[in-house]
Amino acid sequence: MAGGVVVNAAGGKEYPGHMTAFVFFTCLVASSGGLIFGYDIGISGGVTSMDSFLQEFFPSVYAQAEASKDTNQYCKFNSQLLTLFTSSLYLAALATSFVAASVTRVFGRKWSMFCGGVTFLAGSALNGAATDVMMLILGRILLGIGVGFANQSVPLYLSEMAPAKLRGMLNIGFQLMTTIGILAANLINYATVGIEGGWGWRIGLGLAGVPALVITVGALVLPDTPNSLIARGYHKDAKAVLVKIRGTDDVHDEFDDMVAASEEASAIEHPWRNILEPKYRPQLTVAVLIPFFQQLTGINVIMFYAPVLFLTIGFGDDASLMSAVITGLVNMFATVVSIVTVDRLGRRALFLQGGTQMFISQIVVGTLIALQFGTSGVGAMSRSNAMLLVLFICLYVAGFAWSWGPLGWLVPSEVFSLEVRSAGQSIAVCVNMTLTFIIGQAFLSMLCTLKFGLFYFFAGWMFVMTAFVALFLPETKGVAIEEMHLVWSRHWFWGRYVNVDDNGSRRGGSNRRMSGV
């Protein structure tokens, strides 16, 4: 679409741009960074339910699980060492997110993605060849460094490359790739669990190198975003990229706004200090609470430990892995629903509908487990109840996959101004990984202690976070990130922190023009 700038519903400028082949290619390759994140989520849960893996690295857990077959189902896999294997990745990703913010800002988005791919590749090789627990955990740490870089840079890259009207759809490509990674891992777990000699888990852990290679090579061929190129002084290259991704030569106004925003951003010497100023309070609150709430949906209870969870509630070995494959399929197809609807229905509608569906599903799942195992954890689940349980877990996963899953990454990546964007995304990743680590490390102990009440615990948080969205999250669909501050200034609550005068310039701590993000 060529032509001039128009005014959108938020009162801000809307720049020309549509889905070009170049935009599609760059966003497709960049979103493959989600493959490494998703593959690890799926593969770690699968291998920790394999007898051969437990016998070799966690013999005490294997013995405990065997001894508990006819007793307490809630506590049969409770082991801090086993959960450390899974959650150590997220602790490493947490620490890396701060370094990744500087790399992303100073060297560009594409080189941050490259760093993520290389370190994830090294971690997958170490895990596939592991001979003891220390090698496993060291490999997990390298994987975590890779995830920290990818999760910092990929959502930013997608939000900056996409036209405003397509930003939601293209950004959710990251989450779609994550779900494809989870599904691929579940299928590999199912295919390798029965390999004679019990070395199937090595295939699963080693194949993590495939998605790592995709993002590593992809990062080498991708251009950087216009925003990042301008910030680093490559104005000519930035304009050439902007022309390509917008599909028109009429990019002068948008380019000028990007340059103006970059000049203002360059005057900010301490983005970590500035992000605490009142004018950024709405964005900072969202960047903290959205990923915080995303993990307290309880999704990692399902995705990390789906095979273990299904095994715990009475499914056989193969059946538990197949159930995980089913939830992986639901996750992937429901994410496609989000891609199709996010720029039509908006962020708020998906958040509210998905949150309500997940709340109901958690209540039903907790009640079914309570009726079957009570507080003692002793019992066996009938086939009909097991199928009903899988149905509501699938409804829960679907609700997450078209709401809190993709939007948990999309919304924080699109709300910040350029001068604090890398710091803001780093905070979002930090909060996400912190909660992921805590939930991952504590889940099996919480299941042993809270029993079926664990699902009610997460349902309570679903109620809180859905209420937060209803009251405090403005709609951001179709708003150019160059004009996002207008959305906050007109919100009933956040308007007291971000004010905009009649010319569209931001007040509230800064008189300078803030047309670019």
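Residue pairs, Cβ under 6 Å, 6 or more apart or interchain, first in the stretch 271-289 and under 16 Å from R347 (Cα atoms), second assigned to a helix (DSSP H, G or I). List them.
Cβ pairs passing all conditions: A287/P412; A287/G424; A287/I427; A287/A428.
Scanning for something farther than 30 Å from D257 by Cβ and at pLDDT 85 or above, does the stretch 406-429 turn up at least one residue?
Here is the first cut: in the stretch 406-429, the ones farther than 30 Å from D257 by Cβ are none.
No, the stretch 406-429 has no match at all.
Quick test for you: out of T71, T86, T96, pick the one residue that is at pLDDT 80 or above and among the hydroxyl-bearing types (S, T, Y).
None of the others qualify; the one that does is T96.
Hey, can you tell me all the residues within the stretch 441-466 that are open to solvent by 30 Å² or more (accessible area, probe 1.4 Å) and modelled with pLDDT of 85 or more?
Y456, F457, G460, W461, F463, V464
For the stretch 199-231, how many residues meet the condition of being in a helix (DSSP H, G or I), open to solvent by less than 20 Å² (accessible area, probe 1.4 Å) and closer than 23 Å to T86 by Cα?
So the answer is 8.
If you check G516, G495, which single one turns out to be surrounded by fewer than 21 Cβ atoms within 10 Å (Cβ to Cβ) and either at pLDDT below 50 or closer than 27 Å to F292 by Cβ (or both)?
Working: G516 fails: surrounded by fewer than 21 Cβ atoms within 10 Å (Cβ to Cβ).
Unique residue meeting the criteria: G495.
Please go through the stretch 458-475 and pick out each residue that is touching a residue at least 40 places away in the same chain (Cβ under 8 Å) and either touching an Asp or Glu at 6+ places or on another chain (Cβ under 9 Å) or within 20 Å of L395 (Cα to Cα) (or both).
F458, A459, W461, M462, F463, V464, M465, T466
When you scan the stretch 129-167, how many residues do you find that are under 23 Å from T436 (Cβ atoms) and part of a helix (DSSP H, G or I)?
Total meeting the criteria: 27.
Among the candidates I438, I427, single out the residue that is open to solvent by 20 Å² or more (accessible area, probe 1.4 Å) and more than 30 Å from S266 (Cα to Cα).
Result: I438 is the single residue among I438, I427 that is open to solvent by 20 Å² or more (accessible area, probe 1.4 Å) and more than 30 Å from S266 (Cα to Cα).
Where the second residue is surrounded by fewer than 21 Cβ atoms within 10 Å (Cβ to Cβ) and the first is in a helix (DSSP H, G or I) and lies in the stretch 93-104, which pairs have Cβ atoms under 8 Å and are six or more apart or on separate chains?
Matching pairs, first to second residue: L94/T434; V103/W111.
Being β-branched (V, I, T) and closer than 19 Å to A129 by Cα is true for just one of I182, I245, I188. Which residue is that?
Step by step, each of I182, I245, I188 is checked, and only I188 is β-branched (V, I, T) and closer than 19 Å to A129 by Cα.
Hey, could you check the stretch 165-182 for residues that are open to solvent by 20 Å² or more (accessible area, probe 1.4 Å) and not β-branched (V, I, T) and say which is farthest from F333 (Cα to Cα)?
Here the residue is K165.
To keep it simple, each residue is scored yes or no on (1) open to solvent by less than 20 Å² (accessible area, probe 1.4 Å); (2) at pLDDT 85 or above; (3) at positive phi.
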| position | (1), (2), (3) |
| --- | --- |
| G12 | yes, no, no |
| Y15 | no, no, no |
| T26 | yes, yes, no |
| F37 | yes, no, no |
| I41 | yes, no, no |
| S49 | yes, no, no |
| F58 | yes, no, no |
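Where residues in the stretch 354-399 are among the aromatic types (F, W, Y) and open to solvent by less than 10 Å² (accessible area, probe 1.4 Å), which of them is modelled with the highest pLDDT?
It comes out as Y396.
Output the residue which, of all residues in the stretch 232-254 that are assigned to a helix (DSSP H, G or I) and open to solvent by less than 20 Å² (accessible area, probe 1.4 Å), is nearest to L158 (Cα to Cα).
Within the stretch 232-254, the subset assigned to a helix (DSSP H, G or I) is 235-246, 252-254.
With open to solvent by less than 20 Å² (accessible area, probe 1.4 Å) added as a condition, the list becomes 238, 241-242, 245-246, 254.
Numbers: A238: 16, V241: 14, L242: 13, I245: 12, R246: 14, E254: 17 Å.
Applying the filter and picking the extreme gives I245.
The values are calculated or read from the model by the stated rules, or taken from the named source; none is laboratory data. Keep in mind the model is a prediction, meaning the values are calculated, not measured. Reconstructed Cβ throughout: ideal geometry from the backbone, glycine too, with neighbour counts over all protein chains shown. Please note that ligands, DNA and RNA were not included when accessible areas were found on the heavy atoms of the full protein model with its side chains. Shrake-Rupley method; radii C 1.70, N 1.55, O 1.52, S 1.80 Å.
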